Amino acid sequence: MIVVRITMHVLPEKQKELVQTILSMVEPMEKAAGCLSYALFCNMEDKNLLNLLEEWQTRKDLDQHLQSEIFGVLLGTKSLLTEPHGIHIHTIHQSEGMEAVLAIRGE
C-alpha cells in the first residue's frame with residue numbers, strides 16, 4: 001500500500017475556495033483505479049493547515065494518479081497557498097490493526 005500525505009498552508013481568505021475544490025475531487029478520486037481512500041483533514045489548532053491523505057493499492061496506481069488531470073488541478077491550487085504543497089509518499093509493507101494493540105496490552 002502507498003500512502004500520500006499532502007500538506008497545504010492555505011491563505012486565510014482562500015481557505016473556503018481550496019476546501020471546495022478538494023471536496024469536488026473526492027467522488028472522482030474514490031472511483032479511480034487503485035484508490036483505497038481520499039480524505040481531507042483540517043488541523044485543530046490552525047484551520048488554514050490542511051492535510052490531504054490518499055491511500056493507493058500499488059505504486060502503478062499512484063503514478064497514474066500523479067499524471068492525471070485531477071492531480072494537475074490539485075497542483076494548480078498553489079496560488080491559494082502561503083508555501084508550496086508538502087508532498088510525502090510512504091510505501092507500507094506491513095499494516096496492523098486492533099489485534100496488534102490487544103496483543104500488546106495482553107487483552
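Quick look at the numbers
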| quantity | calculated |
| --- | --- |
| Order of Glu13, Glu30, Glu54 - criterion: other Cβ atoms within 10 Å of each residue's Cβ, fewest first | Glu13, Glu30, Glu54 |
| Cut-off 13 Å between beta-carbons: net charge of the residues surrounding Gly34, Lys and Arg +1, Asp and Glu -1 | -2 |
| Label corresponding to Cα Rg over 2.2 N^0.38 Å when calculated from the structure given, among [x] 1.12; [y] 1.21; [z] 1.27 | [y] |
| Under 20 Å, Cα to Cα: Lys pairs in the chain, sequence gap 8 or more or different chains | 6 |
| Helical segments meeting 18 Å axial Cα length and Kyte-Doolittle -0.5 threshold in the chain (DSSP H) | 15-30 |
| Dipole magnitude (debye, nearest 20) for the chain, charges at Cβ of Lys, Arg, Asp, Glu | 200 |
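None of the figures in this text is laboratory data; all of them are computed from the coordinates on show. No experiment lies behind these values; they were computed from the predicted model shown. Backbone-built Cβ (ideal geometry, glycine too); neighbour counts: all protein chains shown.
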